[in-house]
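*Asks:* I'd like to ask some things about the structure below.
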Amino acid sequence: MSKSIRITAIKGMNDILPPQSARWEWLEAAVRRVMARHAYRDVRTPVMEHTQLFTRGLGEVTDVVEKEMYSFEDRADQHGHADHLSLRPENTAGVVRAVVEHNLLYDGGKRLYYMGPMFRRERPQRGRYRQFHQVGAEALGFSGPELDAEMILLAVQLWAELGIRHWRLELNCLGQPDERRAHRAALVAYFEAHHDQLDADARRRLHSNPLRILDTKNPAMQALVEGAPRLLDHLGEASRRHFEAVQAILGASGIAYSINPRLVRGLDYYNLTVFEFITDSLGAQGTICGGGRYDYLIEQIGGKGAPAVGWAMGIERVLELLQEEGVVVPEPLPDAYAVIPDTAALPVAMRCLQALRAAGVAVQMHAGGADGMGSMKSQFKKADASGARHALVFGADELAAGEVTVKALRDGSGSQQRRPLATPEAWAASLKSTA
Ligand code: ATP
Ligand code: MG
């Protein structure tokens, strides 16, 4: 006999099981409501893309591209050509690819959103997984500051819809490429003057991508980074006006925010406004949503240049925050549990249950075993455990009278009534939960 091996899930990749999965569904439903209210439309792109999309789109010198991507070479075709593919580490690049490929901007800007799994080979810990899930919103083809503000307001409305109260908003303006070049020169000079204080990552990035050094998570470098030249001081008139317009809209909507000049975000494609929603309730993994403007990405990956702005939110972190904040997520309990004393009653009972379900009632049917349906006592125990508010009893007496007994299980009344088997539609509504 072969030795049995236990196959487990991949480290950092989680199964999402009941009852937890109900919280996911609840969150996803809230997302779809909020997106619909803002006239954002769903897009679904493949979880795998050509590696080049990410190296070009996200920037070669980013944590994600340098060390976190799941990339592989596909099997060679008959000509010996093999594709380099990657599991998507984020989905802005994928959405932009799809928008370009299908020429979605031909008749004007588009407001889009997505939800789904992303993959990054990071060290798994609380709030950081290798398969994790994001909700993302992207508005493409719009250049005005009102879209930056709309994006932020969209996220704020999502927090409200979910009942999340403990967040704060940080904003920064990354300016335009020429402004960044001037700042970059100042930054390199500053870091070169303090070369002995740079860690290995920072030394490597000093000339390839010095802005990224500001994004360091190394506590030993915080003081150095704190004193670095600020991009905000290198902004021209147009960038400043754009940033001020965003702030004016947020101010008028009563959205509190702080400006964090060190906020640069982990990916290369941003310009002008960048922002993060942060919570202090989740420890180190406190960023629940991040985004900004990316006016050059579309051109970068081969499309006709068009401005865009977006954000991505980490579902796992938001769910954890909901837990932390004690938000009550309703459990999906059946409205009724069908107690069926004898297998002979099954055909009639199941026809009735089917009609109730068609009328929108959630019904869990008792399942028997090889030797029948089991005792009434055990069936009622299961009915109680199911959380259903009613038991439907398909006993021999009831069936003989062409009826079913509806028994209240949870209101303490123990009340019961007979209902006609022939017309379930007529009394289905009385079983439905009103919540
Ligand atoms: P962090 O700084 O925490 O690594 P990030 O800047 O890499 O985050 P983004 O690429 O901006 O993250 O992704 C947007 C959001 O997705 C994050 O704010 C976070 O909520 C979530 N997220 C990112 N990486 C992970 C991960 N490995 N596991 C769970 N959630 C994640
Ligand atoms: Mg990261």
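The values are calculated or read from the model by the stated rules, or taken from the named source; none is laboratory data. Only a predicted model underlies this, so the values are computations on that prediction, with no experimental measurement involved. Because the Cβ atoms are built from the backbone with ideal geometry, glycine has one as well, and the counts that use them run over all protein chains shown. Please note that ligands, DNA and RNA were not included when accessible areas were found on the heavy atoms of the full protein model with its side chains. Shrake-Rupley method; radii C 1.70, N 1.55, O 1.52, S 1.80 Å.
*Asks:* Which angle from 0 to 90°, rounded to the nearest 10, does the C-alpha axis of helix 145-162 make with the longest principal axis of the chain?
*Replies:* Orientation of helix 145-162: about 30 degrees from the principal axis.
*Asks:* Hey, another quick one. Pick out which of ARG230, ARG56, ARG351 has the largest mean-square fluctuation in a Gaussian network model of the chain, springs linking Cα atoms closer than 10 Å.
*Replies:* ARG351
*Asks:* Hey, with R₀ at 35 Å, roughly what FRET efficiency would ARG230 and ALA36 work out to, going by the Cβ-Cβ distance, to 0.05?
*Replies:* 0.35
*Asks:* Based on the mean of other Cβ atoms within 10 Å per residue, sort peptides 262-273, 362-373, 70-81, 331-342 so the most packed one is first.
*Replies:* 262-273, 331-342, 362-373, 70-81
*Asks:* Further, regarding this structure: Test of understanding: what is the full-extension gain from ARG241 to ARG181, defined as 0.36 nm times their sequence separation minus their Cα-Cα distance?
*Replies:* My answer for the length gained is 19.7 nm.
*Asks:* Can you tell me the 0 to 90 degree angle between the C-alpha axis of helix 376-386 and the longest principal axis of the chain, rounded to 10?
*Replies:* It is inclined by approximately 20 degrees.
*Asks:* Something else now. Taking amide H atoms as placed 1.01 Å from N in the peptide plane, list the residues 5 or more away in sequence, or in a different chain, whose amide H sits under 5 Å from that of LEU421.
*Replies:* Hits under the 5 Å cutoff: GLU403, VAL404.
*Asks:* Mean 1/r over all different Cα pairs, inverted: what Kirkwood radius does the chain give, in Å?
*Replies:* Working: mean 1/r = 0.0392 Å⁻¹.
After inverting the pairwise mean of 1/r, the radius is 25.5 Å.
*Asks:* Treating only the Cβ atoms of Lys and Arg (+1) and Asp and Glu (-1) as charged, compute the dipole magnitude of the chain about its Cα centre; round to the nearest 20 debye.
*Replies:* Its charge dipole is roughly 760 debye.
*Asks:* For region 12-70, I need the span (max minus min coordinate) of the C-alpha atoms along each principal axis, in Å, sorted largest to smallest.
*Replies:* Principal extents (Cα only, largest first): 37, 32, 18 Å.
*Asks:* Here is a follow-up. So what are region 129-271's ellipsoid semi-axes, whole angstrom, largest first, if each one is the square root of 5 times an eigenvalue of the alpha-carbon gyration tensor?
*Replies:* 29, 20, 14
*Asks:* Positive end of the charge dipole of the chain (Lys, Arg +1 and Asp, Glu -1 on Cβ, about the Cα centre): tell me which of HIS79, LEU297, GLY369 has its Cα farthest that way.
*Replies:* Value computed over the given set: GLY369.
*Asks:* For region 264-277, in order, what is each residue's ³J(HN,Hα) by Karplus, 6.51 cos²θ - 1.76 cosθ + 1.60 with θ = phi - 60°, in whole Hz (x at glycine and Pro)?
*Replies:* Values, residue by residue: 10, 6, x, 10, 7, 7, 7, 9, 6, 5, 10, 8, 9, 9 Hz.
*Asks:* If each residue of separation counts as 0.36 nm, what is the full-extension length gain between GLU324 and ASP83 once their alpha-carbon separation is subtracted?
*Replies:* 82.4 nm
*Asks:* Now, a different point. Where does the charge balance sit around ALA284 when Lys and Arg score +1, Asp and Glu -1, over other residues with C-beta under 12 Å from its C-beta?
*Replies:* That sum, taken over residues with Cβ under 12 Å, equals +4.
*Asks:* Could you grab the Rg to Rh ratio for region 1-102? Cα atoms only, Kirkwood for Rh.
*Replies:* 1.08
*Asks:* Something else now. Taking K and R as +1 and D and E as -1, what net charge do the other residues with C-beta under 15 Å from the C-beta of ASP178 add up to?
*Replies:* In short, 0.
*Asks:* What is the packing order of peptides 170-179, 395-404, taking the mean over residues of other C-beta atoms within 10 Å and listing the highest first?
*Replies:* Final packing ranking: 170-179, 395-404.
*Asks:* Suppose every K and R has +1 on its Cβ and every D and E has -1 on its Cβ; what is the size of the dipole of region 336-431 about the Cα centre, in Debye to the nearest 20?
*Replies:* 240
*Asks:* Can you figure out the FRET efficiency of VAL61 with ALA223, using R₀ = 25 Å and their beta-carbon distance, to the nearest 0.05?
*Replies:* For VAL61 and ALA223, the calculated efficiency is 0.60.
*Asks:* Packing-wise, with mean Cβ within 10 Å as the measure, how do 131-139, 18-26 rank, highest first?
*Replies:* 131-139, 18-26
*Asks:* Determine which lysines satisfy two conditions relative to LYS432: a Cα distance under 28 Å, and not lying fewer than 8 residues away in the same chain.
*Replies:* LYS377, LYS381, LYS382, LYS407
*Asks:* Let me have the 222 nm mean residue ellipticity of the chain computed from DSSP H runs of 4+ only, each contributing -39500 (n - 2.57), with the sum over all residues rounded to the nearest 500.
*Replies:* Only helices count here, giving -10500 deg cm²/dmol.
*Asks:* Mind checking the full-extension length gain between GLU122 and ASP384? Use 0.36 nm per residue of separation minus the Cα-Cα distance, one decimal, nm. Let's see the in-between values first.
*Replies:* Working: separation 262, 0.36 × 262 = 94.32 nm, distance 4.37 nm.
Length difference between fully extended and current span is 89.9 nm.
*Asks:* For region 1-139, with all protein chains present and a 1.4 Å probe, just round the carbon and sulfur fraction of the accessible area to a whole percent.
*Replies:* 51
*Asks:* Tell me, how many Å apart are the Cα centres for region 280-297 and for region 356-435?
*Replies:* Spelled out, the Cα-based centre of one part sits 49 Å from the other.
*Asks:* Between ALA400 and SER258, what is the label-to-label distance in nm when each label sits 7 Å out along the Cα-to-Cβ direction?
*Replies:* Each label point is offset 7 Å from its Cα along the Cβ direction, giving 7.7 nm.
*Asks:* In percent, how large is the relative contact order of the chain, given Cα pairs closer than 8 Å and 6 or more residues apart?
*Replies:* Once divided by the residue count of the chain, the mean separation gives 15 percent.
*Asks:* Can you give the Rg to Rh ratio of region 336-431, both from alpha-carbon atoms, with Rh computed by the Kirkwood formula?
*Replies:* Across region 336-431, the Cα-based Rg/Rh ratio is 0.92.
*Asks:* Any idea what the relative contact order of region 336-431 is, in percent, if you count C-alpha pairs under 8 Å spaced at least 6 apart? Walk me through the intermediate numbers first.
*Replies:* Values: 155 pairs, mean separation 31.2, N = 96.
Contact order relative to length: 32 percent.
*Asks:* Compute the signed sum of charges (Lys and Arg +1, Asp and Glu -1) over the other residues within less than 10 Å, Cβ to Cβ, of GLU403.
*Replies:* Computed value for this residue: 0.
*Asks:* What is the ratio of the Cα radius of gyration of region 201-355 to 2.2 N^0.38 Å, where N is its residue count, to two decimals?
*Replies:* 1.70
*Asks:* Here's something else I'd like to know. Express the accessible area of the chain per residue in Å², computed with a 1.4 Å probe while the remaining protein chains stay in the model.
*Replies:* On the way: 21590 Å² over 435 residues.
Here the residues of the chain average 50 Å² of exposed surface.
*Asks:* To continue, here is another question. Once neighbouring chains are kept in place and the probe is 1.4 Å, which whole percent of the accessible area of region 336-431 is contributed by carbon and sulfur?
*Replies:* Accessible surface attributable to carbon and sulfur in region 336-431 totals 54 percent.
*Asks:* Mind pulling the angle between the C-alpha long axis of helix 237-252 and the longest principal axis of the chain? Nearest 10 degrees, somewhere in 0 to 90.
*Replies:* Here the helix axis deviates by roughly 30 degrees.
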